[in-house]
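The values are calculated or read from the model by the stated rules, or taken from the named source; none is laboratory data. Since the model is a prediction, treat every value here as computed from it, not as a measurement. When we count neighbours, we look across all protein chains shown, and the Cβ atoms used for this are built from the backbone with ideal geometry, even at glycine. In case anyone asks, the SASA skips ligands and DNA or RNA and just uses the protein heavy atoms, side chains included. Shrake-Rupley method; radii C 1.70, N 1.55, O 1.52, S 1.80 Å.
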Amino acid sequence: MKLGLDVFFERKIQEFKGKRIGLVTNMTGVNHRLVPTIDLFHGHPDIQLSALFAPEHGIRGDAKEGEKLDSFIDPYTKVPVYSLYGASKKPSKEMLDGVDVIFFDLQDIGARYYTFIYTMAYVMEACSEHGKHFVVLDRPNPISGSLMEGNLVKKDVRSFVGLYPLPNRHGMTVGEIALLYKHEFGIHCDLTVIPMEGWERDMYYDQTGLFWVPPSPNTTGMDMSILYPGTCLVEGTNLSEGRGTTRPFEFIGSPYIDGYLLAKVFNEKSLPGVLARPISFIPTYQKHRDTVCEGVQLHVVDRHSLNSFKTGLTLIETIAEMYHNDFEFLEHSNGKFFFDLLAGTKDLRARILSGDTKTFLEECEEELHAFSKQKQPYLLYN
C-alpha cells in the first residue's frame with residue numbers, strides 16, 4: 001500500500017512548487033522505507049520547508065505525556081520548530097507568517113483521547129483565520145476503520161482529550177476526521193486530503209506491510225493500541241494504567257489489589273476476545289511509583305470480537321465493586337474529575353459506582369448509530 005506521503009511525492013508535489021511549507025509532524029512521519037518526512041521535505045529541491053510544528057511528545061518524540069514544549073531551532077535542518085503543546089495549542093499569526101501551506105503528517109492511534117487529532121483541529125482553525133492552505137497526508141487507522149466503540153463527548157466536558165463529539169474508538173483516518181471537522185464541525189479552511197492507496201477499512205496496522213513507529217512513549221504495539229480505547233479510562237482513577245512498565249494500558253493494578261482474585265472474577269464475566277492474567281509490577285514513574293502493585297494483564301485473544309471500551313469499563317467497574325473502600329476517581333483541586341474528560345460525560349462515574357454500566361453501554365449504541373450516519377459522507381476507503 002501507499003501512504004498519503006508516498007502519493008504526494010509521486011503525483012502531487014508539483015502543485016506546491018514555490019510554496020513556503022509548514023509541516024506538522026514527529027517521528028511517526030516517515031515513508032515506507034522509514035525516511036523521515038522532515039528529511040524528504042527539507043532535502044527536495046522543489047520544496048521550501050519554512051517551519052515545523054510539534055504536537056504533544058515533541059517533534060522527535062522525546063517528551064512525556066503532558067510535558068509542555070518550547071519552540072526552538074531544529075539542529076538538523078536549522079528550521080524553526082513551533083510548539084503546539086506549550087504556551088499555545090494553536091498556531092499564532094506570527095508562526096504562520098512565513099508559510100503558505102501547512103502539511104499534516106502524524107500517525108494517529110484510533111482513539112479520541114489522543115491529542116494529535118485536536119492539534120489538527122487547532123491548526124485547521126488557524127489556517128481558516130489566516131488564509132492558509134491545509135493538507136493532510138493520510139495514514140492508516142492502526143486499529144482498523146471498521147469498528148466503533150463508546151459514547152460521544154458531551155459539551156460540558158470538552159477538552160484536549162475530547163474536543164469534539166467523537167466516540168472513544170472512531171474508526172476513521174486523520175484525513176477523514178479533517179473532512180468531518182470541516183463539513184460537520186464548522187472549521188472551514190482550504191482543505192486538501194491526499195489519500196492512501198491500497199488501505200482497506202478492516203485492516204489493522206500489522207496487515208499494512210508498514211513499519212510501526214510508536215506515536216508516543218507508551219504506544220508500545222498492536223495489543224496496547226487495541227485495548228487503549230477502553231483502558232485509557234483508567235488514567236482518571238487511582239489505579240495504575242501501567243505507565244512506567246513495559247506494558248502500559250495492558251497492565252492494570254494497584255497496591256490494594258489481589259491480582260489472582262481480580263483475574264478470576266474478571267474472567268468469570270466471559271467478555272469476548274480477552275483474558276486476564278494475574279500479575280505483579282512496580283511502576284518506575286507516575287502513579288504508585290516504586291511501589292509493588294498487583295493486578296492483571298489483559299491479553300487480546302481475538303481482536304475482531306473484543307470490545308475494548310466495554311472491556312476497560314467492565315474492569316474498572318469490577319475493581320470499584322471489589323475494592324469500594326480503596327478505589328477512587330482522581331479529583332483535581334477545582335473539584336473536577338479527569339475521568340469525566342476521558343469518559344466524555346459526567347454520568348459514567350456514578351454508573352460505575354452503582355454497578356450500572358450495562359444500561360450505559362446500551363445507550364452508547366444509539367450514539368454510535370447516529371455518528372456512523374454522520375461520518376459516512378467523509379469516508380475515503382472501502
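Take the chain, connect every pair of alpha-carbon atoms lying under 10 Å apart with a spring to form a Gaussian network, then pick out the residue of ASP138, ASP302, ASP105 with the largest mean-square fluctuation.
Residue with maximal mean-square fluctuation among ASP138, ASP302, ASP105: ASP302.
Under Stokes-Einstein, with the Kirkwood radius over Cα pairs standing in for Rh, what whole-number D in µm²/s applies to the chain at 37 °C and 0.692 mPa s?
Answer, rounded: 153 µm²/s.
Between 0 and 90 degrees, rounded to the nearest ten: what's the tilt of helix 357-375 against the longest Cα principal axis of the chain?
Computed tilt is about 20 degrees.
Assuming a viscosity of 1.567 mPa s and a temperature of 4 °C, what translational diffusion coefficient in µm² per second does Stokes-Einstein assign to the range 1-66, Rh being the Kirkwood radius over Cα pairs?
Rounded, D is 102 µm²/s.
Nearest 10 degrees is fine. How inclined is helix 222-231 to the longest principal axis of the chain, computing both from alpha carbons?
So the helix axis and the longest Cα principal axis differ by about 60 degrees.
What whole-number distance in Å separates the alpha-carbon centres of the range 31-108 and the range 315-333?
39
Which of PHE339, PHE72, PHE327 moves the most in a Gaussian network model of the chain with Cα springs under 10 Å?
Its mean-square fluctuation being the largest, the pick is PHE72.
Cα gyration tensor of the range 282-382, axes a ≥ b ≥ c as square roots of the eigenvalues: rounded (a/c below 1.5), prolate (a/b > b/c) or oblate?
It comes out prolate by the Cα gyration axes.
Taking K and R as +1 and D and E as -1, what net charge do the other residues with C-beta under 11 Å from the C-beta of MET124 add up to?
Combined, the nearby Lys, Arg, Asp and Glu give 0.
Determine the per residue accessible area of the range 155-211 with all protein chains present and a 1.4 angstrom probe, expressed in square angstrom.
37
If you line up the long axis of helix 116-130 against the longest principal axis of the chain, both from Cα atoms, how many degrees apart are they, to the nearest 10?
That helix lies at roughly 40 degrees to the long axis.
Just to be sure I follow: if Rg is taken over the C-alpha atoms of the range 48-184 and Rh is the Kirkwood radius over the same atoms, what is Rg/Rh?
Rg/Rh for the range 48-184 comes to 0.96.
Restricting to DSSP H runs of at least four residues, report the calculated mean residue ellipticity at 222 nm for the chain, -39500 (n - 2.57) per run over all residues, nearest 500 deg cm²/dmol.
-8000 deg cm²/dmol
Quick check: net charge around GLU184, other residues with Cβ under 14 Å of its Cβ, Lys/Arg +1 and Asp/Glu -1?
Here the count lands on +2.
Ignoring ligands, DNA and RNA, what percent of the accessible area of the range 89-238 is carbon or sulfur (1.4 Å)?
50
Skip the ligands, DNA and RNA, and give the accessible area per residue of the range 292-347 with a 1.4 Å probe, whole Å².
46
Nearest 5 is fine: what % of DSSP beta bridges in the chain come out antiparallel, could you say?
Roughly 50 percent of the DSSP beta bridges within the chain come out antiparallel.
Give the long-range amide H neighbours of GLY61: residues separated by 5 or more places, or on another chain, with amide H under 5 Å away, using H modelled in the peptide plane at 1.01 Å from N.
MET27
What distance in nm separates the two pseudo spin-label positions at LYS336 and MET1, each 7 Å out from Cα along the beta-carbon direction?
3.6
Could you work out how much longer the chain between HIS304 and GLU197 gets when fully extended? Use 0.36 nm per residue separation minus the Cα distance between them, nm to one decimal.
Computed gain between HIS304 and GLU197 is 36.2 nm.
Non-local amide H neighbours of VAL274 (under 5 Å, H modeled in plane, Pro and chain starts lacking H): which ones?
VAL301, ASP302
Which value in nm describes the separation of the simple spin-label points at THR284 and SER270, placed 7 Å from the Cα toward the beta carbon?
Going by the 7 Å Cα→Cβ label model, 4.1 nm.
Rounded to whole Hz and in sequence order, give me ³J(HN,Hα) for the range 254-267 from the Karplus expression 6.51 cos²θ - 1.76 cosθ + 1.60, θ = phi - 60°, writing x for Gly and Pro.
With the stated coefficients, the range 254-267 comes to 6, x, 8, 9, 9, x, 5, 5, 4, 4, 4, 5, 5, 5 Hz.
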